[in-house]
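Below is one structure, written out as structure tokens; comments come after it.
Just so you know, all these numbers are worked out from the coordinates, no wet-lab data involved. Bear in mind that the values here come from a model prediction, so they are computed numbers and not experimental data. Cβ: placed from backbone, ideal geometry, glycine included. Neighbour counts: every protein chain shown.
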There are 2 protein chains.
Amino acid sequence: MSSRHEGSGALPYRQSRATPDQVRGRPLAGSAVAPSERVRVKRLHERGHYDAETIHPILDAMPICSVGYVFNGSPYVTPTLQWREGGHIYWHGSSASRMLEAVAEAEVCVTVTIMDGFVLARSAFHHSANYRSVMVLGTARKITDRDEKEARLKVFVDSLFPGRWDMLRPMNAQEFKATTVMSLPLAEASAKIRTGGPKDDEEDYKLPIWAGVVPLHMQIGGPIADKLNLAGLAPPAHVTGVKLG
Amino acid sequence: MSSRHEGSGALPYRQSRATPDQVRGRPLAGSAVAPSERVRVKRLHERGHYDAETIHPILDAMPICSVGYVFNGSPYVTPTLQWREGGHIYWHGSSASRMLEAVAEAEVCVTVTIMDGFVLARSAFHHSANYRSVMVLGTARKITDRDEKEARLKVFVDSLFPGRWDMLRPMNAQEFKATTVMSLPLAEASAKIRTGGPKDDEEDYKLPIWAGVVPLHMQIGGPIADKLNLAGLAPPAHVTGVKLG
């Protein structure tokens with residue numbers, strides 16, 4: 001699952017300049033070209049993809065992300081939830097979070113990883129994993145405007161639980177102040193994907209060793225109602241119908 | 001899900017100096033004390049844990065990890081698989097991987113995150129997630145000794161698929177050379193955990209809004225045999241019985 005990401009350069013990622021509707025509505029050209037040398041998948045480069053049509057669905061399918069940043073010269077990774085709107089991803093947290101302070105207007109590397117299965121080969125060496133991962137490099141921006149913050153947070157809640165935002169007790173001024181939202185353009189991004197069965201050495205196929213794939217996926221369980229819910233309150237459709245992706 | 005990790009200091013993490021058996025066999029003291037200021041959970045500090053009895057099971061339950069490192073002054077995060085043996089975690093990859101070159105004898109931050117559920121509250125602000133995460137800081141060491149490499153890789157394969165290593169076509173000299181194994185002591189590590197239902201503002205409990213938890217977990221699917229398996233080869237118990245954790 002390791003990727004190699006280094007060097008520098010600046011080829012354009014065309015999708016990032018499109019509006020959300022353009023990105024959603026039609027494929028754009030240039031999908032096979034890495035937007036920069038830094039995000040180009042070098043090891044097993046045939047697994048690399050650079051088009052929005054590949055990158056966006058991975059981001060939309062997995063809210064868990066890892067935000068990498070440098071603080072006092074040392075690397076840090078913070079797991080958090082991301083969501084996408086058009087050509088940007090967003091994440092949020094407490095305004096008191098030092099992570100969010102450290103990444104504001106700073107370089108970050110955000111990754112999203114979906115593991116789809118263990119790949120079992122006839123030799124240890126050819127064991128592998130099926131996965132879909134995205135890496136985004138860039139400068140994180142802190143959203144300070146209250147209305148922009150509200151618009152982004154509404155998309156976050158509604159992307160996971162459609163229609164929930166408008167059913168909630170509205171956010172108040174103090175809560176907006178206590179919440180920081182970060183944004184990152186999908187300008188320098190790549191996806192790395194492996195699918196399919198094991199690829200063994202030719203002479204190993206004659207061996208009586210079971211090979212194949214053990215699939216993995218995120219399973220959503222039945223909702224657990226809060227004991228303090230008002231009597232007779234049924235879970236809304238956005239709770240019973242939660243899905244990832 | 002965000003953690004705050006900064007500062008410096010060096011309180012001992014006693015477990016890291018114990019042998020694997022000691023770590024597995026008996027609880028050691030000092031579990032409530034952070035091994036360093038850098039890994040101390042500051043925001044929502046009641047969610048922080050520093051004892052091997054909390055940290056090890058999280059690492060053992062989730063092989064997917066994120067390795068954060070600094071390259072040319074920029075942060076990078078590479079998803080890969082980790083495994084634990086005693087007081088260390090390990091990960092591996094191609095010896096040609098620049099990530100592995102970049103992290104050898106360098107500072108890294110490795111995180112493992114298990115998301116257990118979405119927590120739906122009566123206000124957007126109190127929405128949360130249930131999760132178990134671990135952060136490990138330290139200097140990654142590259143394992144160069146062939147026998148040590150073999151011993152570690154055997155544990156990796158057998159920890160996921162008990163007994164599989166000895167059933168495989170043995171690794172050859174070229175494959176050992178092409179494989180790099182990294183190790184990181186669990187000397188500076190913390191866990192952050194949230195469990196349970198939503199915590200709402202007192203006055204919001206009277207609102208007719210469904211609140212509760214939507215559980216999430218990694219589901220393992222039925223094995224998919226390689227079409228090139230020899231006829232009549234049944235999947236071994238380590239394939240039909242795969243579990244995480």
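Data table
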item: C-alpha long axis of helix A:146-160 to longest principal axis of chain A, angle in °; result: 50
item: Distances in nm from A:E53 to the matching label points in the other copies, shortest first (labels 7 Å along Cα to Cβ); result: 5.5
item: Global form of chain B, assessed from the alpha-carbon gyration tensor, a/c cut-off 1.5; result: oblate
item: Linear extension gain, B:S94 paired with B:V33, 0.36 nm per residue minus alpha-carbon span; result: 18.3 nm
item: Distant-in-sequence amide H partners of B:R40 (H built 1.01 Å from N, under 5 Å); result: B:E6
item: Computed E for B:H217/B:H45 - FRET, C-beta separation, R0 22 angstrom, nearest 0.05; result: 0.25
item: Neighbourhood net charge (13 Å Cβ-Cβ; Lys/Arg +1, Asp/Glu -1) for A:A106; result: 0
item: For B:G138, distant residues with modelled amide H under 5 Å away; result: B:V108
item: In Hz, Karplus ³J(HN,Hα) per residue of region B:63-77 (6.51, -1.76, 1.60; θ = phi - 60°; x = Gly, Pro); result: x, 6, 9, 10, 9, x, 8, 10, 9, 6, x, 9, x, 9, 10
item: Estimated vicinal HN-Hα couplings, Hz - region B:177-182 in sequence order (Karplus 6.51, -1.76, 1.60; Gly, Pro = x); result: 5, 7, 10, 10, 10, 10
item: Shortest-first distances to equivalent copies, position A:K154, nm, label 7 Å out along Cβ; result: 6.1
item: Relative contact order (%) - criterion: Cα under 8 Å, at least six apart; region: region B:14-240; result: 24
item: Angle between chain B longest axis and helix B:52-61 axis [Cα atoms, degrees, rounded to 10]; result: 60
item: Tensor-based shape of the protein assembly as shown (alpha-carbon gyration tensor, a/c under 1.5 rounded, otherwise prolate or oblate); result: rounded
item: Estimated 222 nm signal from helices in chain B, with DSSP H stretches of n ≥ 4 weighted -39500 (n - 2.57), rounded to 500; result: -5000 deg cm²/dmol
item: Total lysine pairs whose alpha carbons fall under 16 Å of each other in chain A (8 or more apart, or interchain); result: 4
item: Cα-projected label distance for A:N172 with A:T139, points at 7 Å along beta-carbon direction, nm; result: 3.7
item: Label 7 Å beyond Cα on the Cβ vector: A:T139 copy-to-copy distances, nm; result: 3.4
item: Whole-Hz ³J(HN,Hα) from phi, Karplus 6.51 cos²θ - 1.76 cosθ + 1.60, for region A:35-43, glycine and proline x; result: x, 7, 5, 5, 9, 5, 6, 9, 5
